[in-house]
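Report on one structure; see the data block that follows.
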């Protein structure tokens, strides 16, 4: 598997006011996105997600560190030919029509006129704006503009797509639509780096996540690896154990009223299993508990904050 | 070159969708049409006065357009973040910057050409006089506007549009009066004034050299503006514009967006 993007020890600080001291937006960030992967970039507000994306797109100049794109160091125009970008809340010249806007962006990529026209038809169909192709954008809703943003990001059939909050401003149907588009792109082999606050979106679409806090990558890996808790276990029983009334270690708790499953911490696992078997319980399965992304995210950000404060 | 053309044309299209462009253009033409109604215009020197006033109005219009467009064309893209969609594409920042500059020059060239045609037809209809000499004055107005545009564009990278407009007007005034005034101050003022005046005298272009309105208004009866004069003025404008554009491109390439 080839690495599409590699960021190494990236640092960037900003001055918020003329006399104010510099504040670190990114502080030694390392990140890798592999070919064909959909990587979700998560982090609280001000964690450095957007600055990271801007650095990759050459919109800001990092203070230090290295960025490799498609195996080459630096951000060349050649690398950007293979990339598409959707900024958060994209804004366009509103007198333009979708067709004219996409034609303009197609020309910036140096595409042939006939290829641009074919691509425009395909993309407008993809984002559901074929009928609005010749209406000016000032008649568009926020959601429609967001869909135009996605269309412009895809104009060059990018190998690597960077999306900053792609579902921002979309209604539930719009979100489902975008999810479908991203899944199609994944099947087509497009590599995607997706920054979002919507954990459910990341969990649904992404293969892996990187959690950024205070400009550092505090956790990254595949969702399966990260969400598998080493501390919590789930015990499933073949039959409900209604008669059992007590004596479990403090960390053990029933999953529901039916009493067919138990959650327990690792240190209490053996004691809990012994108690269950002594009381006639039939163990069906013991497995590591899979956390929700929300649980994992909160846990990691809190741990990172505690470490920084110490 | 292809990308410069795309960016330049986007400025032309943008201008054509701005009401302020049409308001300035129509107002200028309307005032030109109204010049013969001025009381003093009926006293005998109508043609000279007509030309002088028309060129004066055109100068103001061209500089307003140059300063407003220079101060806002990139600043607006940055403020509205439309620039993210552009710079993230396979384009170089200098291509975007120079393309925008060329676009403003195209708009100015188009506007001045339109005013030239309208004024020549109007002068011909009113005084039965074909006056292609006006084109020379309009050309020098264009040259001067190119310096003003490059300067306001550079300032707009770090300053708000209002501050840029104020600075451009200040630059225009100082660069026009610099000749005699600064020279006198440099030789006769107090030590601080001497240093300040000397600095401005040598660093600022003498924009008054571009002002041939009066000569053209009087039908070049006293002085003639020859091809060599126009070539020298073109070289001077090109030199100043290129230096300022180079600085602008350098600043823009280092600016975080």
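At-a-glance table
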quantity	calculated
Relative contact order for chain B, counting Cα pairs under 8 Å that sit 6 or more residues apart, in percent	27
Degrees, to the nearest 10: B:227-254 long Cα axis against longest axis of chain B	20
Fluctuation leader among A:87, A:249, A:158 - chain A, Gaussian network, Cα springs under 10 angstrom	A:249
Mean Cβ count within 10 Å, highest first, over the residues of peptides B:76-89, B:138-151	B:138-151, B:76-89
Fraction of beta bridges assigned by DSSP in the protein assembly as shown that are antiparallel (%, nearest 5)	70
Peptide B:75-88 - average C-beta neighbours from other chains (10 Å radius)	5
Ranked B:223, A:297, B:116, criterion: other C-beta atoms within 10 Å, fewest first	B:223, B:116, A:297
Bridge type composition, region A:3-225 - antiparallel percent by DSSP, nearest 5	60
Highest-fluctuation residue, A:281, A:48, A:17 considered, GNM on chain A with Cα pairs under 10 Å	A:17
In degrees, nearest ten, helix A:113-126 long axis to first principal axis of chain A (Cα)	40
Relative contact order computed over region B:20-82 (Cα-Cα under 8 Å; 6+ residues apart), in percent	35
Separation of the residue A:299 and residue B:20 label points, Cα + 7 Å toward Cβ, nm	5.6
Three-way shape label, region A:69-207, alpha-carbon gyration tensor, a/c 1.5	oblate
Helix B:191-203 vs. chain B, principal-axis angle (Cα, 0 to 90°, nearest 10)	90
FRET efficiency for residue A:18 and residue B:81, using Cβ-Cβ distance with R0 set to 22 Å, rounded to 0.05	0.50
Mean Cα-pair separation over length for chain A, i.e. relative contact order, pairs under 8 Å, 6 or more apart, %	20
Chain A - convex hull of the alpha-carbon atoms, volume per residue in Å³	179
Sites residue B:125 and residue A:118 - FRET efficiency at Förster radius 60 Å, r taken between beta-carbons, to 0.05	0.70
Mean ellipticity per residue at 222 nm, deg cm²/dmol - from DSSP H runs of n ≥ 4 across the protein assembly as shown, formula -39500 (n - 2.57)	-17500 deg cm²/dmol
Within a Gaussian network of chain A (alpha carbon springs, distance under 10 Å), most fluctuating of A:221, A:40, A:280	A:280
Label-point separation in nm, residue A:139 to residue A:290, each point 7 Å along Cα→Cβ	4.6
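None of the figures in this text is laboratory data; all of them are computed from the coordinates on show. Since we're looking at a predicted model, the values are computed, not measured. Reconstructed Cβ throughout: ideal geometry from the backbone, glycine too, with neighbour counts over all protein chains shown.
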